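Before any comments, here is the structure.
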Protein chains: 2
Amino acid sequence: MKKLLDDPADAVVDSLTGFGLAHADVVEVHADPVHVTRAGGPVAGKVGLVSGGGSGHEPLHAGFVGDGMLDAAVPGAVFTSPTPDQILPAIQAADAGAGVLTIVKNYTGDVLNFETAVELAEAEGVEVASVLVNDDVAVEDSLYTAGRRGVAGTVLVEKIAGAAAVRGDDLAGVAAVAERVVANVRSMGVALTACTVPHVGRPSFDLGEDEVEIGIGIHGEPGRHRVAMAPAAEIARSLLDPVADDLGLADGERVLLLVNGMGGTPLSELYVVYGRARRLLTERGVTVSRSLVGNYVTSLEMQGASVTVLRLDDELQELWDAPVRTAALHW
Amino acid sequence: MKKLLDDPADAVVDSLTGFGLAHADVVEVHADPVHVTRAGGPVAGKVGLVSGGGSGHEPLHAGFVGDGMLDAAVPGAVFTSPTPDQILPAIQAADAGAGVLTIVKNYTGDVLNFETAVELAEAEGVEVASVLVNDDVAVEDSLYTAGRRGVAGTVLVEKIAGAAAVRGDDLAGVAAVAERVVANVRSMGVALTACTVPHVGRPSFDLGEDEVEIGIGIHGEPGRHRVAMAPAAEIARSLLDPVADDLGLADGERVLLLVNGMGGTPLSELYVVYGRARRLLTERGVTVSRSLVGNYVTSLEMQGASVTVLRLDDELQELWDAPVRTAALHW
C-alpha cells in the first residue's frame, strides 16, 4: 500500500486537520468528538443542516459545510458510521432555534447511529427532522443496507435543501424539499479498480485486468455484475439506462446530470462519460439543464465513476443555482 | 489498460466535447483546429490571456477559461504540445484590441510552437507578449526542457494575471504581474505510481511496490531520485524544503500554499500533505495566508502530489482573491 499518510490509524484526523487549516474561513474542525461546523456558528433563525457518514468519500461531507449547504458534518472512521456521541454535538452546534434537518445515507449503521443521536438531541429540546438518501438503483439490499444505498445523489440533496434553509423555509419545509430531491434522484456506478482502506492495507476486493464491476457501491461492496472492460459509451449506457428507467424519465423533461468520479479517475475521462450519458438523455428527449462533473462522493483512490440524474422543476433548479460557499462547491 | 474512453485516439476530442457541453455557460469548444474560448468572446478593452500545452493535465488549461482567468486555451494531444495552427486562432479569438499575453509552460515543444504562432499573430497585427512558467525546482534540465519545467505554479500565474487583466492593466502591466508571479513561485512533486497515455496503452515508467519518485515532472519524466515509500511528513519535507530554500523564504514572509494532486490521489491524502507542509512553513516563521488543495495540474491517473509555494504581497493576494468564474476555479 502506497498512500500519502503518516500513521494509517490517524488518517482521518490528520486529513481533517489539514482540511481545517486550509479552509479556516469556511469551517471549524473539532477534535473530541470529531465533527466539523460552519465557521462563525449557525445562522440565527435558519434551519440547521447536518450530515455525516464514514470517511473515505471526500469531499463528502465536510467539504460541503458552509454558506448555503451544511451547518455541520460528522466524519466517521474510513467506511465506518460516525458514533452518536459525535453526531449529537454536531446537531447541537447546527441548531439556531429553528430546528435541524439530518441528511443520512441509507446504511444500517448510519441510520441507527443518527437515530440515537436525534433522540438524545430531542431530549435536550432540539427539534429534528431527518431525510434518508437512497439513490443507488444498482441493488435493493446489500452488505450494509436494507433497501437502496445512498450515494452521489447525497450532494444534490445537501445543496438544494441547504438553499431552501437559506431561503427561510421552516423545518417541515426544508425537509419536504429534501424529500422531493430524494424522490427524484437516482444513481449508478462502475468500478475499474478496488480501493484500499488505510488501516487494512490491502485492496477491498479483486478485479481482473480486463474486468469492471457495474453497480458498485461507494465502499466497494458488490454491484450487479462483473463484465469485461468496455468502451465508455457502453459503460455510460449500462449506468444511465437503469437510472433513467427507474426515474421513469419522459420525453420533454429536464434534469441535472452529475458524473461523479470515485477518486482515482482523471477528470478527462469523467467528461467522456458525461458526453456519452448526455447523448443518451438527449436521445430520450430529455434536456440536461444543469451539470456537475468531478470527484464529489469518492471511494478513496478507486478508479470508476457514477452517473446521477435529478429530475428538475423550476423550484429545484432555482435552489440549485442559489449561491453556495463551501470548500468543495462554490458559486 | 482500463480507462473510461472509447477510441483512445479520440480521447482528447471526446473529453473536450463533454467538457464543452457541461460548461456551455463558460466556454466554447472549437473542433478544427482544436481550441477553447471564453463563451461570449473576448471582453472589449481587456488584455486577452491564452495558455495551452499537452492534454492529460486536466483541468489545466481549458478548465481555467472564463471570467477572471484565461480567454482561450489550446489543448494538444496527450503530453504533446499544441501546434501553431491551433494556437493562432486562440490568440486571435482572445484579442479585443488591447493585445494578448500568452502563458507558456517551459517545455521545448510548447515554447517553439507558441513562438511560431505569436509571430503569425503579430504579422496579422495582434500585439502579443509572452511569459514562460518554470516553477519546478526538481531538475535544471530534463527530457523535455532546457531549464526548469513549468508545473502547478502555472495555475497561480493564470489566475493572478487574469485578475490584473480584468482590473484594466495594459499588456505590459499584465505581463509584469505574470512575471512577478513566475519569479516568486516554486514547486516540486512526487509520484507514487506511473500513468498510462491512452494511445500508448502501458505505463510510462515502472515504480516498485515500495518506491516513490521525488521530483517527478507532470509527464512522468524522471525526478531527482527514487526513494523508499515514506510517511507523509517526510515526503512533505522532501518537497517543501527545496521549494522554500530555492525561494529564499525568510521568517515573517507570507505565502500561498498549493497542494496539487496528480489525478489519482484521494483528496483526503492531499489534505494530510497540506497539513504537513504548512507545519514546516510555520516552523520557518512563514505565514500561509492563502491555500489551494485539489487536482489542478494532473498527470492522467498518476498517484502523487506536488507542493507549490507563492510568495505573496498585498497586490498579489488581492489579485488572487478577485472573482473568478471558470469550470475548475470559481469564487
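Quantify how much of the Cα-Cα distance distribution of the protein assembly as shown extends past 36 Å, in percent. Mind dumping the intermediate values first?
Numbers: 76497 of 218791 pairs.
Here the long-distance tail beyond 36 Å is 35 percent of all Cα pairs in the protein assembly as shown.
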task: Output, in nm with one decimal and in ascending order, the distances from the A:Ala183 label point to the matching label points of the other copies (7 Å from Cα along Cα-to-Cβ).
output: 6.3
- prompt: Per residue of B:232-241, what is the mean number of Cβ atoms on other protein chains within 10 angstrom of that residue's Cβ?
  reply: 2
- prompt: Given 10 °C and 1.306 mPa s, how large is the Stokes-Einstein diffusion coefficient of region B:1-139 in µm²/s, with Rh as the Kirkwood radius over Cα pairs?
  reply: 106
- line: Bounding extents of chain B in its principal axis frame from Cα atoms, largest first in Å, are 53, 50, 35
query: Once you average over the residues of B:271-284, how many Cβ atoms of partner chains fall within 10 Å of each Cβ?
result: 5
statement: Only helices counted: for the protein assembly as shown, with every DSSP H run of 4 or more residues adding -39500 (n - 2.57) and the sum spread over all residues, [θ] at 222 nm is -10500 deg cm²/dmol
task: Please state the charge dipole magnitude for region B:95-167, taken about the Cα centre, from unit charges on C-beta atoms (+1 on K and R, -1 on D and E), reported in debye and rounded to the nearest 20.
output: 360
query: GNM, chain B, Cα, under 10 Å: largest mean-square fluctuation among B:Leu112, B:Leu257, B:Leu16?
result: B:Leu112
- request: Kindly work out what percent of the DSSP beta bridges joining two residues of region A:11-183 are antiparallel, to the nearest 5.
  value: 30
message: If the only charges are +1 at each Lys and Arg Cβ and -1 at each Asp and Glu Cβ, what is the size of the charge dipole of region B:185-321 around the Cα centre, to the nearest 20 debye?
response: 120
- request: Set Lys and Arg Cβ to +1 and Asp and Glu Cβ to -1, take the dipole of region A:185-321 about its Cα centre, and tell me which of A:Ala244, A:Leu316, A:Ser291 lies farthest positive.
  value: A:Ser291
statement: Inter-part gap, Cα centre of region B:79-144 to Cα centre of region A:136-189, in whole angstrom, is 46
- request: Pull up the DSSP beta bridges for chain A and report the antiparallel fraction as a percent, rounded to 5.
  value: 55
query: Where along chain B is the Cβ that lies nearest the axis linking it to chain A, and how many Å separate them?
result: B:Gly264, 2
query: To one decimal in nm, how far is A:Gly208 from the same spot in the other copies, if labels go 7 Å from Cα toward Cβ? Please give the shortest first.
result: 3.2
- prompt: What share of the DSSP beta bridges in the protein assembly as shown is antiparallel, in percent to the nearest 5?
  reply: 55
- request: Put a label point 7 Å from Cα along the Cβ direction on B:Ala146, then list its distances to the equivalent points in the other copies in nm, shortest first.
  value: 7.3
- request: Using a 10 Å cut-off on Cβ to Cβ distances, tally the other chain neighbours for every residue of B:28-41 and report the average as a whole number.
  value: 0
message: Using only the alpha-carbon atoms, what does region A:133-272 span along each of its principal axes? Please give whole angstrom values in decreasing order.
response: 51, 42, 31
message: Report the Cα-based extents of region A:205-327 along its three principal axes, largest first, to the nearest Å.
response: 45, 35, 24
- request: Sticking with the crude label model, points 7 Å out along Cα→Cβ, report the distance from A:Glu234 to B:Ala31 in nm, one decimal please.
  value: 2.5
- line: What one gets for region B:183-253 as the Kirkwood radius, inverse of mean 1/r over different Cα pairs in Å, is 13.5
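Bear in mind that the values in this text are calculations on the coordinates, not laboratory data. Only a predicted model underlies this, so the values are computations on that prediction, with no experimental measurement involved. Note: ideal-geometry Cβ built from the backbone for every residue, glycine included; neighbour counts use all protein chains shown.
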